[in-house]
Amino acid sequence: MLDQLTEILSTPQHLESLTGTQVLLNLTVAFICGAVIFLVYRYFNKSVVYSVRFNMLIVMVCVITSLIIITIGSNLVLTLGMVGALSIVRFRAAVKDPLDVGFLFWGVAAGLTAGAQLYTVALLGTAFIAVIYMLLTIIRIEKRTYLLIVRYNHDAEESVNTALKPLKAKIKNKTLLKDYSEVTAEVCIRRNDTSFIEPLRQTSGVDAVTLVEYTGDYA
């Protein structure tokens, strides 16, 4: 009885039916899905700083997840062992952009479906999510939010307020110094139309005008 139990645990039955071709096909599909995610993140992500290493991590997560699913299969002992092994992993780097978390889940989902040999689900699901994200990004490009920073003399307070009124600017911060004032306002711009900057700069008393894309945080 003990010998039979040891044999069952040491040689999972679901791995005996797997061939090298099937394993390679699973990993290939996972890599294709990861490559699609890589390209979408590379060309459509609008974060302030693009991280190549994080993008490479998404592809690795996709393939590694597929490999884990191939190994685990339906074997309870391997599942518990893998959970115990993964529980010692600690991720120290904080993910600042919520969209990056979504990309990680996307990679995990693609790896899960590819490892479970659900190739149609993996490929169609990846393509569908990619199309949705690209459409949302294109819609977002039509109207972007920026931070407009204007530095001016104290005497130009009324002129600056008059110039900002047509822009429907929302004041985020205002700093009063000895020789000048500085105001930070949130403005929405359609199709990168920045033609308002030059007239604002030429306003009497304005010393400098700075426009920075606003991503939702000041970090």
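The values are calculated or read from the model by the stated rules, or taken from the named source; none is laboratory data. Please read these numbers as outputs of a predicted model, since none were measured by experiment. Methodologically, a virtual Cβ is constructed for each residue, glycine included, from the backbone with ideal geometry; neighbour enumeration extends over all protein chains shown. Accessible surface is based on the protein model in full, side chains and every heavy atom, while ligands, DNA and RNA are left aside. Shrake-Rupley method; radii C 1.70, N 1.55, O 1.52, S 1.80 Å.
Simple spin-label model, 7 Å along Cα-to-Cβ: ASP207 to SER195 in nm?
Distance between label points: 3.1 nm.
Taking R0 as 41 Å, what FRET efficiency do you get between HIS154 and VAL101 from their Cβ-Cβ distance, rounded to the nearest 0.05? Kindly include the intermediate steps, with their values, before the conclusion.
Details: r = 45 Å, r/R0 = 1.10.
The calculated FRET efficiency here is 0.35.
Using a 1.4 angstrom probe on the protein heavy atoms only, line up THR145, THR126 by accessible area, largest first. Let's see the in-between values first.
Working: THR145 35, THR126 5 Å².
Output order, biggest surface exposure first: THR145, THR126.
Of PHE31, PHE54, PHE103, PHE128, which has the most accessible area and how do the rest follow, probe 1.4 Å? List each step's numbers first, then the result.
Numbers: PHE31 115, PHE54 30, PHE103 5, PHE128 140 Å².
Correct descending sequence by accessible area is PHE128, PHE31, PHE54, PHE103.
What does the charge count near ALA185 come to, summing +1 for each Lys or Arg and -1 for each Asp or Glu among other residues with Cβ under 10 Å from its Cβ? Mind dumping the intermediate values first?
Numbers: positive: LYS168, LYS170, LYS172, LYS174; negative: GLU186.
Around ALA185, the surrounding residues sum to +3.
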